[in-house]
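Undergrad: One structure is given below, represented as structure tokens, and several questions about it will come after.
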Amino acid sequence: MTRDKFDALVDRLDGEARLHPRLYRAKLLLLAAAGNTYIFAALSGLAGLIAAAVFFLQGYGVKILLLGVFFIWRVLKALWVKSEPPEGVEVKPAEAPPLFAMIAELRQRLAAPRFHRVLITTDYNAGVIQVPRLGLFGWHRNYLLIGLPMLKTLTAGQLRAVLAHEFGHLARGHGAFGNRIYCQRRRWTQLLENLEHQPSHGDFLFKPFFNWFTAYFSAYSFPLARANEYEADAASVRLTSREAVAEALTGTSVIGAYLEERYWPRIHAQAADLPAPAATPFLNMGEHLAAEIDAAAAHDWLARATCDKTTSRNTHPSLADRLKAIAAAPQLAPPAAGAAADTLLGPLAVEVARRFDRHWHDAILPDWQARHEKVQQERREFADLEARLAAGEELSPQEAYDRALLTESIQDDAGSAFEQLRRLYVGDPDEPILCLALGLRMLKRDDDDGIAIIKGALKNPDHLAMQVCEAMRDYNWRHGRKTEADGWHQHLLDIARPLQAAARERSEVHLADRFAPHELSDEQLAEFQAQLAALPMLRSAYLVRKELRHFPERPCYVFGYRTAAWWQWPGKARSEAAMQAMQQQVAFPAETLIISIEGGNFRFAHKLRRTAGARVL
């Protein structure tokens, strides 16, 4: 279903839900039942066909029955999708009695189901995750996820309002129908995602149906899902207070923007000067929150949040609409020092923060070191360019462009960089990269003259055009021009789809693919073969060019290798060692897919050998 059709259906159903709520709910209930009925009918039909075959073909009855049972088992396995449980640090009641007392009280008052595990996560969020133990057939294990950043930047009262909202989605009292549909909607989406990632023999029965049904059910249940968000807010007001909910809604919006735009960028910026991270971001988060969110920044973040409109791209209404629904004004009240909700964890808060900091340090270290080295190199390049200019030397257009960008990134002088780019554009207004660079900065300044300039980058059919579409979409959306924004978004999709298809085509190799000779020059082939010959674990190797539907002018190669002689049993460890050695020591031509043609891939060996000139070792 296209976005336009989805939006049109949601708009129609919004009106129907308001004018004829009972009829709308009845239709939605029937639609929900239809999904379950389809699964039951498909399985029953399979069982019936097998029974009929056994009856009419009695001589082959046992074989047919065995084959039929096996096939049904494979189909059930497709539906018995295994959902991975969420990750986080589990908290036990004995470790954080105040937190669990709050959870128990909210659960009791909302008649919400119990939680099997409570996890502290690194996200700035809180939520309830239901993981089915029996796939589509339910028997859920309930997880309550609470982000440590939220615990450290909200008061206990504000966190209580957030949790009350999340529990409201599972309440069995008022709004129970909406909550059941809410859970059903999530289950269909989850099933489709699992079918996409876990291909099986049952795909032909369920995938086409759920590709259509999931999108249609999402659109049909959208008005109710949005109403469910308002109902969850109302439940939060009943259990806490209007003031606490307003503070929580405002705080999560403003503080979330602060963390994303100021806190984390400031920490990551230290990579310019430090070869390894020295910060403890989770431990120190929120310590000076009230002082760091100054009045001007808070006003800007709040203005942006309250200007956002409610759209069909998210079931969550905008901040302004949610506050209006509870008859409250925005209220930003960050916790004072020592008054954050992480006190509910007691001493465990420090332990969890240090654990997250260690994990963050280990995860970010390679990128941090790469960024540090890159900045040092850029500083040397900038110093060299400045020295050459000071000596009266004229820079090439590329060097002048690089100097402008380095002035912005290394010197942190956006004004000077802008003027340099403007002068370069005046000298060469047809250069796409200059059109994009200057146009982006003009749009960021809300300068409409940047529209004509940035469109010059559309001459580039690849990634520059995508950046133009994205920038124009966001610029028009920011200025309330929805029609123009939607048009640029559609243009972006039109460009992105073939690129995504090409990326998929270049990331996979199948027996059904067609191959052609590699067409390397004699010099290239000789150099490549010399590198392969230096790896004694390789017994034979083949190189072919994959025939492509998308962008065939950019070659993609397939390299197949063997590590075992004809009399040896293929060894997984030996094959993996060869793969690692090749990745480190061999320079493959352009884009190359590397596969072992031993064991289960033996049929690729026959196919590659049939291509002329494929044998390279």
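The values are calculated or read from the model by the stated rules, or taken from the named source; none is laboratory data. Please read all numbers here as calculations on a predicted model, not as lab measurements. Here the Cβ is made from the backbone with ideal geometry for all residues, glycine too, and neighbour counts use every protein chain on show. The protein model used for the area step is the full one, side chains on, heavy atoms only, and it has no ligands, DNA or RNA in it. Shrake-Rupley method; radii C 1.70, N 1.55, O 1.52, S 1.80 Å.
Undergrad: Where in region 416-485 are there helices (runs of 4 or more DSSP H), lying wholly inside it, with at least 3 residues that are surrounded by 21 or more Cβ atoms within 10 Å (Cβ to Cβ) and either modelled with pLDDT under 90 or polar (S, T, N, Q) (or both)?
TA: none
Undergrad: How many residues are β-branched (V, I, T), in a helix (DSSP H, G or I) and out of contact with any Leu (no Cβ under 8 Å at 6 or more places or on another chain) when one looks only at region 248-287?
TA: 1
Undergrad: Are there strands (runs of 3 or more DSSP E) fully within region 514-617 with at least 3 residues that are in contact (Cβ under 8 Å) with a residue 60 or more places away in the chain and touching a strand residue (DSSP E or B) at 6+ places or on another chain (Cβ under 7 Å)? List them.
TA: 515-517, 540-546, 591-596
Undergrad: Taking the stated definitions as given, is A290 within 25 Å of G338 (Cα to Cα), assigned to a loop (DSSP other than H, G, I, E, B) and out of contact with any strand residue (DSSP E or B) (no Cβ under 9 Å at 6 or more places or on another chain)?
TA: The answer is no for A290.
Undergrad: Kindly indicate the residue of region 593-610 that is of a type in the set (V, I, T) and open to solvent by 20 Å² or more (accessible area, probe 1.4 Å) and also farthest from L532 (Cα to Cα) among those meeting that condition.
TA: I595
Undergrad: Right, next: Enumerate the pairs (first residue in region 276-299 and on the phi < 0 side of the Ramachandran plot; second residue anywhere and outside any helix (DSSP H, G or I)) with beta-carbon separation below 6 Å, excluding pairs fewer than 6 apart on the same chain, so at least 6 apart or on different chains.
TA: Qualifying pairs under 6 Å: L289/P334; A290/P334; A298/L332.
Conditions tested, residue by residue: (1) open to solvent by 10 Å² or more (accessible area, probe 1.4 Å); (2) closer than 18 Å to Y542 by Cβ.
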residue	(1), (2)
Y561	no, yes
A573	yes, no
A577	yes, no
E591	yes, yes
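Undergrad: Can you give me the number of residues within region 533-544 that are surrounded by fewer than 21 Cβ atoms within 10 Å (Cβ to Cβ) and under 15 Å from R609 (Cβ atoms)?
TA: 2
Undergrad: Just the residues that are polar (S, T, N, Q) and either open to solvent by 60 Å² or more (accessible area, probe 1.4 Å) or within 15 Å of E243 (Cβ to Cβ) (or both), please, taken from region 317-336.
TA: Correct list: Q331 only.
Undergrad: Tally time: how many residues in region 134-144 are crowded, with 19+ Cβ neighbours inside 10 Å and either modelled with pLDDT of 95 or more or of a type in the set (F, W, Y) (or both)?
TA: Total meeting the criteria: 1.
Undergrad: Just give me the residues in region 157-176 being at pLDDT 85 or above, in contact with a strand residue (DSSP E or B) (Cβ under 8 Å, 6 or more places away or on another chain) and open to solvent by less than 10 Å² (accessible area, probe 1.4 Å), in sequence order.
TA: L159, L163, F167
Undergrad: E292: over 24 Å from G480 (Cα atoms), of a type in the set (D, E), over 25 Å from the mean Cα position of the chain (by Cα) and crowded, with 18+ Cβ neighbours inside 10 Å, yes or no?
TA: no
Undergrad: Restricting the search to region 231-242, which residues are buried (at least 19 other Cβ atoms within 10 Å of the Cβ) and in a helix (DSSP H, G or I)?
TA: Result: E231, A232, D233, A235, S236, V237, L239.
Undergrad: Let me ask something additional. Of all the residues that make up region 291-333, how many are over 30 Å from S221 (Cβ atoms), in contact with a helix residue (DSSP H, G or I) (Cβ under 8 Å, 6 or more places away or on another chain) and among the aliphatic types (A, V, I, L, M)?
TA: Residues meeting the conditions: 7.
Undergrad: On to the next question. Looking at (1) open to solvent by 20 Å² or more (accessible area, probe 1.4 Å); (2) more than 29 Å from A164 (Cβ to Cβ); (3) free of Cβ contacts under 8 Å to residues at least 24 places away in the same chain, find the lone condition where I267 falls short.
TA: In the conditions (1) open to solvent by 20 Å² or more (accessible area, probe 1.4 Å); (2) more than 29 Å from A164 (Cβ to Cβ); (3) free of Cβ contacts under 8 Å to residues at least 24 places away in the same chain, I267 misses (1) alone.
Undergrad: Here's a check for you: in region 145-156, which residue that is closer than 16 Å to S253 by Cβ and not small (G, A, S) is surrounded by the fewest Cβ atoms within 10 Å (Cβ to Cβ)?
TA: T155
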